[in-house]
Amino acid sequence: RAHLVSLGIVPEDKTTLIPGTGVDMEQFKPLPLELKEHGPPVVIMAARLLWDKGVAEYVTTAKAIRSQGIEARFLLAGEPDYGNPDSVSDDVLDGWRREGVVEILGHRSDMSDLLPQADIAVLPSRYHEGVPLFLLEAAASGLALVGSDIEGCRMVIEDGINGFLVPLDDPKKLQELLVILIDYGDLRQKMGRKSRQIAE
């Protein structure tokens, strides 16, 4: 919008900025606590498997957290974008599968069922995001959110309210904030409730 207005193509008072496509709030909704499994917290990232989406940062952070003996499940949903030179290769994915730290789920068409089973949604992207649909769906599903401090993520995550914003390329901070959410269930749930309100 700013670019089009600056070029004089359209006057600003004739424009409206629509922040993303939105989600179906009836399809994506939280699971009541009594219906959730009572195992370790579940962390999920869903994206096209591109390096710029922060996939490596997510996997590296999962390894670091698990190496501390902290109990959590780490899920990665999505598939490579084979026509994109930034795509994660099948060989790398096979290596991650063998390590077993992150559960590689592949493409999922049932995100409205999968997300409510999770507790924390993560998107450590360096990509020029619009409003990430994954974060909107996760917010509607009542998850605490962790994402990069970039414009698209800032449109869904209110830092300290429904999740945390992480400076770009700061793996230690990503790890630290994730550990807080893994360790403190009350905070996770409070932020998850806020996520739902923000999505609404």
Carbon and sulfur atoms: what percent of the 1.4 Å accessible area of the chain do they account for?
50 percent
Name the residues whose placed amide hydrogens come within less than 5 Å of the amide hydrogen of Val102, ignoring near sequence neighbours (fewer than 5 apart) on the same chain.
none
Can you compute 3J(HN,Hα) from phi for each residue in the range 143-155, using the Karplus curve 6.51 cos²θ - 1.76 cosθ + 1.60 with θ = phi - 60°, rounded to whole Hz and x for Gly and Pro?
9, 6, 10, 9, x, 5, 7, 10, 3, x, 5, 5, 6
Once phi for every residue in the range 186-200 is put through the Karplus expression 6.51 cos²θ - 1.76 cosθ + 1.60 (θ = phi - 60°), the whole-Hz ³J(HN,Hα) values, with Gly and Pro written as x, are 4, 5, 4, 5, 4, 5, x, 5, 5, 4, 4, 4, 5, 4, 4
In whole percent, what relative contact order does the chain give with Cα contacts below 8 Å and a gap of six or more residues?
23 percent
Could you tell me which GluC sites (Glu not before Pro) in the range 1-109 are loop residues by DSSP with no more than 14 other beta carbons within 10 angstrom of their beta carbon?
Glu26, Glu37, Glu71
Restricted to the range 4-109, the DSSP antiparallel beta bridge percent, nearest 5, is 10 percent
From the protein chains alone at 1.4 Å, what is the descending order of accessible area for Asp186, Asp110, largest first?
Asp186, Asp110
Of Lys63/Lys172; Lys172/Lys194; Lys29/Lys190, pairs whose Cα-Cα distance is over 18 Å
Lys172/Lys194
Can you give the accessible area of Tyr82 in Å² (nearest 10), computed on protein heavy atoms with a 1.4 Å probe?
150 Å²
Quick one: how many Å² of Phe134 are accessible to a 1.4 Å probe, rounded to 10?
20 Å²
How far is helix 171-183 tilted, in degrees, relative to the longest principal axis of the Cα atoms in the chain, given as a value from 0 to 90 rounded to the nearest 10?
70 degrees
Over the range 111-163, what is the relative contact order in percent, taking alpha-carbon pairs closer than 8 angstrom and at least six residues apart?
39 percent
If you count only protein heavy atoms with a 1.4 Å probe, what accessible area per residue comes out for the chain, rounded to a whole Å²?
53 Å²
Taking N as the number of residues in the chain, what value does Rg over Cα atoms divided by 2.2 N^0.38 Å take?
1.04
With a 1.4 Å probe and every protein chain left in place, tell me how much accessible area Lys14 has, in Å² to the nearest 10.
150 Å²
Mind pulling the angle between the C-alpha long axis of helix 55-67 and the longest principal axis of the chain? Nearest 10 degrees, somewhere in 0 to 90.
30 degrees
Collect residues whose amide H, placed 1.01 Å from N in the peptide plane, falls under 5 Å from the amide H of Arg126; neighbours closer than 5 in sequence don't count.
Lys53, Gly54
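The values are calculated or read from the model by the stated rules, or taken from the named source; none is laboratory data. What you see is a predicted model, and the numbers here were worked out from it, not measured in a lab. Virtual Cβ from ideal backbone geometry, glycine too; neighbours counted across all protein chains shown. Keep in mind that these areas ignore ligands, DNA and RNA; they rest on the heavy atoms of the full protein, side chains included. Shrake-Rupley method; radii C 1.70, N 1.55, O 1.52, S 1.80 Å.
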